[in-house]
1. Among the numbered conditions (1) of a type in the set (Val, Ile, Thr); (2) surrounded by fewer than 24 Cβ atoms within 10 Å (Cβ to Cβ); (3) within 16 Å of the ligand (Cβ to nearest atom), tell me where residue 616 comes up short.
2. Whether any residue in region 136-150 is under 24 Å from residue 650 (Cα atoms), in a helix (DSSP H, G or I), within 16 Å of the ligand (Cβ to nearest atom) and open to solvent by 30 Å² or more (accessible area, probe 1.4 Å) is what I want to check.
3. I need the full set of residues from region 260-303 which are outside any helix (DSSP H, G or I), within 16 Å of the ligand (Cβ to nearest atom) and open to solvent by 30 Å² or more (accessible area, probe 1.4 Å), in order please.
4. Just to be sure, is residue 692 among the small types (Gly, Ala, Ser) and under 33 Å from the mean Cα position of the chain (by Cα)?
5. Only one of 566, 561, 570, 622 is of a type in the set (S, T, N, Q), without any contact (Cβ under 8 Å) to a residue 12 or more places away in the chain and at negative phi. Can you tell me which?
6. Test each condition in (1) open to solvent by 30 Å² or more (accessible area, probe 1.4 Å); (2) modelled with pLDDT of 95 or more for residue 368 and report the one that comes out false.
7. Taking the condition of being in a loop (DSSP other than H, G, I, E, B), touching a residue at least 24 places away in the same chain (Cβ under 8 Å) and under 16 Å from residue 574 (Cβ atoms), how many residues in region 530-548 meet it?
8. From the list 114, 175, 131, pick out the single residue that is surrounded by fewer than 21 Cβ atoms within 10 Å (Cβ to Cβ) and assigned to a helix (DSSP H, G or I).
Amino acid sequence: MLSEAKIQDLVPEPDAAALRRSIEYHLKYTTGKDPSAATLTDWRLAVSRAVRDLVIAPWFETTQRVYTEDQKRVYYLSMEFLIGRLLEDAILNLGLDDKLRSIVGNFDVDYAALLTDEPDAALGNGGLGRLAACFMDSMSTVGLAAYGYGIRYNHGLFRQSFENGWQAEEAEDWLRQTHPWEFERPEAHYPIGFGGAVSVDGAKATWTPAETVLAVGYDTPVPGWRGRWSNTLRLWSAKPEREFDLEPFNRGDYMAAAAPSVLAETISRVLYPDDTTAQGKELRLKQEYFFTAASLADIVRRFLAHHDDVAKLPQSIAIQLNDTHPAIACPELVRLLMDHHGQPFETAFEIARGCLHYTNHTLMPEALERWPTDLMGRVLPRHMALIERIDDHHAKSVKRPESVKILDGGEVRMGDLAFIGARRVNGVSALHTELMKQTVFKDLHELHPERVVNQTNGVTPRRWLYNCNPALRSLLNDTIGETWVTDLDRLEALLPLADDTAFRARFAAAKDTNKRRLADHLKHSMGITLDPTAMFDIQIKRIHEYKRQLMNILHAAALWNAIRQNPEKNWAPRIKIFGGKAAPGYVMAKLAIKLINDIGATINKDPAMAGRLQIVYPPNYNVSMAELLIPAADLSEQISTAGMEASGTGNMKLSVNGALTVGTLDGANIEIGEAVGSDNIFIFGLTAAEVAATRAAGYDPASHIAAEPRLAEILEQIASGAFSPDDPGRYTDLVTNLREHDWFMVAADFSSYWDIQSKIDEAWHDRDGWHRSAVLNTARMGWFSSDRTIRGYARDIWNAGTAY
Ligand code: F58
């Protein structure tokens, strides 16, 4: 363990003069700018580099220590890292906020503008990618030797705008400006092959790929709290083996001359923007293999630099597969062990399985990856043969039922491959893990009952409380000290203060500050006015039918009707705020966005709604916007159809920031409810078991609609074009679908949702009671720190130590 003195040595508190000189130095000598000509971005790059310099020493120290002590290393393989901005995160981590604010101010540069000038690194779609980013932060903070591996996409998640209420997408280009946090590692490059043929000579197979691209690593240091440990995030970029063909160039065929680089670079060009459906696209398979193969080559190289027996790999390393995207790791590691290190198949498979662990994030069948065997055979012929062999080996080693197989109907089922090739398989909440055992992996679980374990998700308290909520941060620090930042259970010290009037008032004042900050932001960015004394009722997440943004907007429309029918009633003033993107090809989700905007426009222009009900949907929800919205929320909407949200992590961020949850008994909502207590959460709707039973019995949405006149009325209005006079038929299919199919059970849950929302209205009027519940939410959410989650993985899955 590092002593405090040692930590001070590693990140010496720079004096203001030294920091100032460092910024000036970087502005001049790294960016090449005269201060008088420097743009805001130039200043930001200079400040970023001055701050980055401070984490280099602990980064080297950690790397060396892990190596000299030969510590077990954890490798987190993820197609997505939804990082957000890094500068403010690093500044707050190192405790340099006040100093830099004054230094930057003295340069006559706007400090807040400098921080927000940084584009978000949006290398992920949603929860899965953000979880990976929280885990990187926690692995460093608890002092676990870890590397994150992923893809350095040139274009992250698309930028969303609304054109006449419809979602429009535009390519994102975060790398247009220099990304000051990364170091290119041209020496860390690996050739990655695709296609070609395999020749077999006795037991020896040789794969000769038809096409090869280079994977080049870019490293970003990931400092833990106060810089006391620092791991590495290594992202791979695809480069051509040869940049350029001279022969076609000499002929004047410039396109053909550049062809090799265009082809290769396509692999890391863009993040797939689909957050749920697994489409069998060749490029996606290539992306998956590209980063998995590069990572494994790097891992094996690092191991062999100091060990000589590959059979000992499982003692030295643990690899975590973030969903099935890197599931090709199993045949790839078997291939390396057999074809490059001379191991027989059975041994190679057992070594590989000893290293690999798989996290499942969804039970939805359409999201479980399957690759056509002909595509797999064409792109990765050697792997296809090994997958057949693994399937065969499994069939022979256990008495498995017909239903268990990796190869099924001309497809490779990646979930089954990941399960069979892993030492441990985990779900991400208690309910989700149980459902995994009962549904998708039922048969496999019965064959391997020790394999499935649960690790309920968590979120990093650094970004999601300390950094994004300065008002609450100071109140907490004043009241209970700062130790909660790395030991979130300490928030429990707030419990008695929930009954302390003075404390509650300060807690409420912090919320008010955050609501005003959001209102100011929306005034500037969208030109709209929000009343900060109204209830901020927030639903922020990807737009998906199972997440039921539709039910939320139907509730808004029903509320609009009810308020107009009964304007005298003491309605709780509400602002419903939505945030989220739909996959570009997801027609129903995009229609839901248009409906939110159509209903919103009608409500917002009705003078009778002033001070009562307002709908706000700022475009382009991302990590940075979440950092503004979450601390400002009073009510957190977590209303998925029970059994469909694996865990959720936004639910945790909102609750720890003092929002009350309205939610179904789904994912981690159940565990949040147990933690905060049933008086401090609003639970409604069918349970997962009831959803399943209702479906099995033959669900009839029409009967629910007939029994709920409020719902019947709004469906009539929507179907008749009341919210879409320019195109009255726009929602005909949507309404028909709700009336006749309604797979996500909006009609079944609507009454219960309406009732709980009425209770929430009442609860809102009891201001003391509301604030008390808000304090109790913050006080009891300590368990949902991703530090706790990572310690759980280290203990139950990786068998790896932590320094703190
Ligand atoms: C999410 N999955 C779950 N997948 O939906 C959410 O409940 C959970 O909290 C979170 O993972 C973290 O465990 C998710 O975000 C994706 O976005 C995939 C991206 C690639 C294609 C398939 C879905």
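1. (3)
2. Taking every residue of region 136-150 in turn, none turns out to be under 24 Å from residue 650 (Cα atoms), in a helix (DSSP H, G or I), within 16 Å of the ligand (Cβ to nearest atom) and open to solvent by 30 Å² or more (accessible area, probe 1.4 Å).
3. 270, 272, 273, 274, 275, 277, 278, 279, 280, 281
4. yes
5. On the way: 561 fails: without any contact (Cβ under 8 Å) to a residue 12 or more places away in the chain; 570 fails: without any contact (Cβ under 8 Å) to a residue 12 or more places away in the chain; 622 fails: without any contact (Cβ under 8 Å) to a residue 12 or more places away in the chain.
Answer to the selection: 566.
6. Condition not satisfied by residue 368: (2).
7. Of all residues in region 530-548, those in a loop (DSSP other than H, G, I, E, B) come to 530-534, 541-544, 548.
Checking the rest, the ones that are also touching a residue at least 24 places away in the same chain (Cβ under 8 Å) come to 530-531, 533-534, 541-544, 548.
Subsequent filtering for residues that are under 16 Å from residue 574 (Cβ atoms) retains 530-531, 533-534.
Residues meeting the conditions: 4.
8. Checking each option against the conditions leaves just 175.
The values are calculated or read from the model by the stated rules, or taken from the named source; none is laboratory data. Please read all numbers here as calculations on a predicted model, not as lab measurements. Cβ: placed from backbone, ideal geometry, glycine included. Neighbour counts: every protein chain shown. Quick note on the areas: whole protein, heavy atoms, side chains included, nothing else; ligands and nucleic acids left out. Shrake-Rupley method; radii C 1.70, N 1.55, O 1.52, S 1.80 Å.
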